[in-house]
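Trainee: Next up is a structure, given as structure tokens.
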Amino acid sequence: MPVLRQALSGLACLLLAGCAALSPPPPPPAAPGTVLAPPFGAPLSPEQTRQRLDAARVVLVGETHDHPGHHAIQLDFLRRMAEAGPPLVVGVEWLDASAQPACDELSAGRTSVAQFAEKVDWSGGWGYPLELYAPILEYIRERKLPLVALNAPLAVVRQVARQGLTSLTPEQRAQLAPTLDLDDPAYQAMVAGQFAGHGVSGAAAENFFAAQVARDETMAHRLAQFLEPWPDAGRRGIVLVGSGHFLHGLGLPPRLARRLPGARILTVLPVEPELAAQAGSMSPEFPPAEWLVVSTPAPPRPPRLGVIVKPQAGGLLVERVVPGGADQRAGIQAGDLLVSVDDRPLASPKDIHDAIKDQASAPHRYLVERQGQRLELTIALETAPPGGPVPKAPPPDRRAE
């Protein structure tokens, strides 16, 4: 019996090895540019992609703001739509209505991209590296496409996030869309989930949601104005926007649909190759977007301090500290005022990046003011892993560092 038992055991091992050898290898990762649609089986063919894209009247192409591959996808869709006709209007989240005169000059070819960036104070306003966006802006300039600055003014959004809609003056309220629909439980739940880790709840969470809705409604309102008369003008729109503004069909899509009756709205979400590989397990009834488009892998993310700050006289006020970050370990607390980094004064979140970018993970000296006392902390940041899950909407009035 022992011999028979050993023989059977050996046969079982051979059979298992044979099964493993015969199992099909995992499919190779989808190539950048591959388009997946529910139920997320085989990729769409180029002809299927063209037909469905041609049928859309408004296309939302998402981005993670600092991801070069996402902007490459945006440029690809911009070219496809511009070259296929009918006339195309390009709406962007990156700027508010005060930038519209400069947008009109760029669309007419009367200003260069560099001059445009200076006129709209790109580095002080939007703040993400211009080189990520320059190819898109240059294409708009070359093709003389109408460029629309969609967003609500940042100062007004901040006011809403801090004190609510009722705190706005009539002049401030007039800078937002006339209609703001806050009765959106599903969207409110999604936004609330994004802030739960930062300890935002109660009235503060409601104000954050109102600020997010103010942005979405204003972007939808501005785009609709440039597509009027709808639908008789025959124009199409492409919106380049942070992906959190349309995930799961929430945010922008219903607000656009309300203003553009009958519009075929298509949402396009750039995703990492590893996330695309999981598309088959996503719910076709509640997908993150109507199309997933595979991007190039994300570059390594710069290290972050791990605080939510806002500019204040004399520096940057720390409003919240992200648990487990390098700043918490070094002793930074909510209510601290970040005055300088390596003797460089701080007036905006971008100043932190500029001060440490050449040696981001090296120790740097942070001058902090706390209850009238000044202290110096030495902080070395950890490099964040590249990529990540489906992107979430950024806080509507703060920049995390």
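Trainee: I'm trying to understand the selection: among the residues of region 76-129, which are farther than 26 Å from Val58 by Cβ, part of a helix (DSSP H, G or I) and modelled with pLDDT under 95?
Mentor: Looking only at region 76-129, we keep the residues that are farther than 26 Å from Val58 by Cβ, and these are 110-112, 114-115, 117-119, 121, 123-124, 127, 129.
Then drop every residue that is not part of a helix (DSSP H, G or I), which leaves 114-115, 117-119.
Selection gives nothing.
Trainee: Related question: Scan region 52-62 and tell me whether some residue there is in a helix (DSSP H, G or I), hydrophobic (A, V, I, L, M, F, W, C) and assigned by TED's automatic domain parsing to the domain that holds Tyr139. First the steps, then the outcome.
Mentor: Looking only at region 52-62, we keep the residues that are in a helix (DSSP H, G or I), and these are 52-55.
Pick out the ones that are also hydrophobic (A, V, I, L, M, F, W, C) and you get 53, 55.
Remaining after also requiring assigned by TED's automatic domain parsing to the domain that holds Tyr139: 53, 55.
Yes, because at least one residue in region 52-62 is in a helix (DSSP H, G or I), hydrophobic (A, V, I, L, M, F, W, C) and assigned by TED's automatic domain parsing to the domain that holds Tyr139.
Trainee: Restrict the check to region 276-286 and report whether at least one residue is within 14 Å of Leu60 (Cα to Cα) and assigned by TED's automatic domain parsing to the domain that holds Val191.
Mentor: Quick first cut of region 276-286, residues within 14 Å of Leu60 (Cα to Cα) only: none.
Within region 276-286, not a single residue is within 14 Å of Leu60 (Cα to Cα) and assigned by TED's automatic domain parsing to the domain that holds Val191.
Trainee: I'd like the full set of residues that are small (Gly, Ala, Ser) and out of contact with any helix residue (DSSP H, G or I) (no Cβ under 7 Å at 6 or more places or on another chain), limited to region 258-281. Can you show your working first?
Mentor: At the first step, the residues of region 258-281 found to be small (Gly, Ala, Ser) are 262-263, 276-277, 279-281.
The answer is Gly262, Ala276, Ala277, Ala279, Gly280, Ser281.
Trainee: Being in contact with a strand residue (DSSP E or B) (Cβ under 7 Å, 6 or more places away or on another chain), crowded, with 17+ Cβ neighbours inside 10 Å and assigned by TED's automatic domain parsing to the domain that holds Glu63, is that true of even one residue in region 164-187? Quick ask: steps written out before the conclusion?
Mentor: If we filter region 164-187 for residues that are in contact with a strand residue (DSSP E or B) (Cβ under 7 Å, 6 or more places away or on another chain), which is where we start, we get none.
No, region 164-187 contains no residue that is in contact with a strand residue (DSSP E or B) (Cβ under 7 Å, 6 or more places away or on another chain), crowded, with 17+ Cβ neighbours inside 10 Å and assigned by TED's automatic domain parsing to the domain that holds Glu63.
Trainee: For region 354-380, give me each residue that is under 24 Å from Gly127 (Cβ atoms) and touching a helix residue (DSSP H, G or I) at 6+ places or on another chain (Cβ under 6 Å).
Mentor: His364, Ile379
Trainee: Let me ask something additional. Please count how many residues of region 214-248 are assigned to a helix (DSSP H, G or I) and out of contact with any Phe, Trp or Tyr (no Cβ under 8 Å at 6 or more places or on another chain).
Mentor: Applying the first criterion (assigned to a helix (DSSP H, G or I)) to region 214-248 yields 214-227, 243-245, 247-248.
In the following step, the residues that additionally are out of contact with any Phe, Trp or Tyr (no Cβ under 8 Å at 6 or more places or on another chain) were identified as 214-223, 225-227, 243-245, 247.
Of the residues in that region, 17 qualify.
Trainee: Let me ask something else. Does region 380-399 include one or more residues that are at pLDDT 75 or above and over 29 Å from Ala155 (Cα atoms)? Steps first, please.
Mentor: Our first condition is that a residue be at pLDDT 75 or above; within region 380-399, this holds for 380-381.
If we keep only those that are over 29 Å from Ala155 (Cα atoms) too, we end up with 380-381.
So far as region 380-399 goes, yes, one or more of its residues are at pLDDT 75 or above and over 29 Å from Ala155 (Cα atoms).
The values are calculated or read from the model by the stated rules, or taken from the named source; none is laboratory data. In this text the structure is predicted, and so the values were computed from the model without any measurement. Cβ: placed from backbone, ideal geometry, glycine included. Neighbour counts: every protein chain shown.
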